[in-house]
Amino acid sequence: MSDLGSVGLGRRGFLAGGAALGAGALLVGCTSNDAGSAPSQAAAPAGDNAKPGKTVTIGFSGPASDHGWIAAIGKNAQTRAKAYSDVKFEPVEATNDVTKQISSVETLIDKKVDALVILPFDGKALTAVGKKAMDAGIPVVNLDRIFDTQQAYRTWIGGDNYGMGQSAGNYIGQRLKDAGISNPTIAEVAGIDNLQLTQDRSRGFKEALAKFGFSVKARQAAQFTVESGQQVMSNILQAQPKLDAVWNHDDDQGVGVLAAINQAGRKEFFMVGGAGSANAMRLIKDDNSVLKCTVTYSPTMASSAISLARLIAQGKGMSDLVEKEVPSYIILASATVTKDNVDQYLPLGFES
Amino acid sequence: MSERTADLPSTVDAQQPAERTPSWLAGRLAALRSLSLVAVLGILTIVGVITTDGRFLTTGNVLNILTSASIIGVVTVGMTFVIIGGGIDLSVGALVALASVWATTLQTQSYGAGIMVLCALLVGMGAGLVNGLLIAYGRLVPFIVTLAMLVAARGLAQSLSDRKTQLVTVDSINNIATTKWLGVPLLVYIFAAVVVAGWIVLNRTTFGRRTVAVGGNAEAARLAGIDIRRHTALLYVLSGLCCGIAAVMIMARTTTGSSTHGDQYELDAIAAVIIGGTLLMGGRGTLVGSILGVLVFTTITNLFVLNNLPTEVQNIAKGLIIIAAVLLQRRGSDTGT
């Protein structure tokens, strides 16, 4: 998987010119604007983009943090913006109320910011206001949860939920196949079920497992919170006296899932996490719990979104590419983090 | 609401003359309400036995249900007191979150388990005291005060924790969730202890009788010489204390403190109290009913997971159960009076 660039992208360490992590085949790897992280052939132009240009104001609106991932999104955006001397960062109050988010984005439009970065609580509900901003001539970088129409954003950047499910499914499928287990009991602890992202993850997981001839025996949705993870998992453990593998969509609720597993004293199976929190990676590294792997969905994408918004507002392209404009659609890839490569990813994990 | 007029007088012994429902009948009515919930639990059990292939009625699963019910159960005990006393406490979930966060900051954890527990209890009681003072002495509406506390306490929890999940590294706290005596988890003992203590206080002490009196007819209670303001304030402190205990339990169970803990506990607790047969207006209620209410909800969740059914169906079922239980109770009380 050539996804290291995407994960590494927002990392401050890269500003210091850290080692290039992977092949960096993804477009996104190039937005880092730092000489050190760019693929070899384009090192010089990348340096140009990092130089201070016209000062631009970037407005930012995201959901209220109900778990570590969202919290990391807000912090990464802020940290990244501060790293640029030519960016004025204007965040609005985070909220999980779509009408409030709409009005706060409208405030930013009225203020005539140079670019907007929006992670909508609900992409569909925020589409109209995204379009309003675009119509007012303010380029919108739509982060992760996508708007309904392309008219509502200049560039979309987000993670690959389907791919995340695939990564998890492939890892579990391969590992069970290698162990010679023919009819395994696989459980899935999903996130909030009515979000498109949860459905995409589950679909990816199901389809990857199907390649191995496996299917999910028990699936329950939690709420992305530690408490809900604990509750759901303790019930699943009760329902399934013997498990072979578990995929939990989110490492933050995973703390609760692991607590339930430890309290039940179960260890006959292995577990795969999701998102890539620092805590999960430390557990994988220590290798003394059921958690053996996590598939990333890194909140560093918020850092990248700020970088993209800056470039767009300054009228620059991604200097590693030939085109003079920032691409309009960027999907980050999901990495499979195991004990073997965890050291590479640990610095990118978010504190849940 | 129609039955309320009939119930009011029964709450204050000093006001007996207008009494229509003798106390033995009131007692039987309460029992009837609890009975309807026992019937619901019975139906759920039958459904469980039929649909789950023998996995429902195992010791492990029953203990699992009790453990799941333990935390919200403790919160519900406090809520029952507040509602019987004529109030409402919407801040319980937020107080659980705040107490869990405050008790798991690195600073607090460095002092060890004893201080963490003390911290959780004090934070819960302190916030409850603020609620109580504003309601009793500030003469503000409980709904508004505790709604404000809900928002403020969660906000404070978020800012204290920096919106991060705080891992509990003190083993003796985490061990609370894994310790078992005679095969029964410690959490269930704590739950039982709180319920028994609550039952005794409500049914066998002056404090309990005053709670019923204040909730039934505050003016009458005042004339009977009860310091209703002091008593009201104490009810919210009691609810806060229950939140503090619940916070310690949730810290153990999830091995974390987090501003997301206790999400919608206020709704779960109020729903359990109401289907348990406590009058939302105050002045009448049963702790046993509330606990049965909690068990009904927890059992539904358990049943759905055992059958691998999706969450949305669970929520529909819970809504239907609330309506059904309330209708059943109304029938029961109508025929009774």
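Among (1) in a loop (DSSP other than H, G, I, E, B); (2) under 19 Å from residue B:37 (Cα atoms); (3) within 14 Å of another protein chain (Cβ to nearest Cβ), there is one condition residue B:268 misses while meeting the rest; what is its number?
Tallying (1) in a loop (DSSP other than H, G, I, E, B); (2) under 19 Å from residue B:37 (Cα atoms); (3) within 14 Å of another protein chain (Cβ to nearest Cβ), residue B:268 fails exactly one: (1).
Is it the case that the range A:251-259 has a residue that's in contact with an Asp or Glu (Cβ under 7 Å, 6 or more places away or on another chain) and assigned by TED's automatic domain parsing to the domain that holds residue A:74?
No, that holds for no residue.
When residues of the range B:81-136 are filtered for being out of contact with any His (no Cβ under 6 Å at 6 or more places or on another chain), buried (at least 24 other Cβ atoms within 10 Å of the Cβ) and assigned to a helix (DSSP H, G or I), how many remain?
21
Can you tell me which residue within the range B:291-316, out of those that are without any contact (Cβ under 8 Å) to a residue 24 or more places away in the chain and among the β-branched types (Val, Ile, Thr), is farthest from the other protein chains (Cβ to nearest Cβ)?
B:316
Do you know which residues across the range A:246-295 are of a type in the set (D, E, K, R) and outside any helix (DSSP H, G or I)?
Selection gives A:250, A:266, A:267, A:268, A:287, A:292.
Condition check ((1) buried (at least 20 other Cβ atoms within 10 Å of the Cβ); (2) among the hydrophobic types (A, V, I, L, M, F, W, C); (3) assigned by TED's automatic domain parsing to the domain that holds residue A:59; (4) touching a His at 6+ places or on another chain (Cβ under 7 Å)) across all residues:
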| position | (1), (2), (3), (4) |
| --- | --- |
| A:122 | no, no, yes, no |
| A:125 | no, yes, yes, no |
| A:129 | yes, yes, yes, no |
| A:138 | yes, yes, yes, no |
| A:142 | yes, no, yes, no |
| A:149 | no, no, yes, no |
| A:153 | yes, no, yes, no |
| A:175 | no, no, no, no |
| A:178 | no, no, no, no |
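Filtering the range A:257-280 down to residues that are crowded, with 24+ Cβ neighbours inside 10 Å and in contact with a strand residue (DSSP E or B) (Cβ under 6 Å, 6 or more places away or on another chain), which residue is nearest to residue B:249 (Cα to Cα)?
Step by step, filter the range A:257-280, then rank; the result is A:257.
Residue pairs, Cβ under 6 Å, 6 or more apart or interchain, first in the range B:97-110 and in contact (Cβ under 8 Å) with a residue 24 or more places away in the chain, second of a type in the set (A, V, I, L, M, F, W, C) and not in a helix (DSSP H, G or I). List them.
Sorted first by the residue in the range B:97-110, then by its partner, the pairs are B:104/B:168; B:109/B:170.
Looking only at the range A:179-237, which residues are of a type in the set (Lys, Arg) and either within 14 Å of chain B (Cβ to nearest Cβ) or within 20 Å of residue A:159 (Cα to Cα) (or both)?
A:201, A:203, A:206, A:217, A:219
Of everything in the range B:207-245, what is assigned to a helix (DSSP H, G or I) and of a type in the set (Val, Ile, Thr)? Give them in sequence order.
B:211, B:212, B:214, B:228, B:232, B:237, B:245
Whether any residue in the range B:248-255 is in a helix (DSSP H, G or I) and without any contact (Cβ under 8 Å) to a residue 40 or more places away in the chain is what I want to check.
Scanning the range B:248-255 turns up at least one residue that is in a helix (DSSP H, G or I) and without any contact (Cβ under 8 Å) to a residue 40 or more places away in the chain.
In the range A:311-333, is there at least one residue being touching a residue at least 60 places away in the same chain (Cβ under 8 Å) and of a type in the set (D, E, K, R)?
Yes, there is a match, as at least one residue in the range A:311-333 is touching a residue at least 60 places away in the same chain (Cβ under 8 Å) and of a type in the set (D, E, K, R).
Of the residues in the range B:278-291, how many are part of a helix (DSSP H, G or I) and surrounded by fewer than 24 Cβ atoms within 10 Å (Cβ to Cβ)?
Number of matching residues: 1.
Residues of the range B:149-198 being more than 14 Å from chain A (Cβ to nearest Cβ), within 28 Å of residue B:88 (Cβ to Cβ) and surrounded by 15 or more Cβ atoms within 10 Å (Cβ to Cβ), which ones?
B:149, B:150, B:152, B:153, B:156, B:190, B:191, B:192, B:194, B:195, B:198
Going through A:199, A:231 one at a time, which residue ends up being touching a residue at least 24 places away in the same chain (Cβ under 8 Å) and of a type outside the set (A, V, I, L, M, F, W, C)?
A:231
The values are calculated or read from the model by the stated rules, or taken from the named source; none is laboratory data. The structure presented is a predicted model; accordingly, all values stated were derived computationally and were not measured. Every residue, glycine among them, receives a Cβ derived from its backbone with ideal geometry; neighbour counts consider all protein chains shown.
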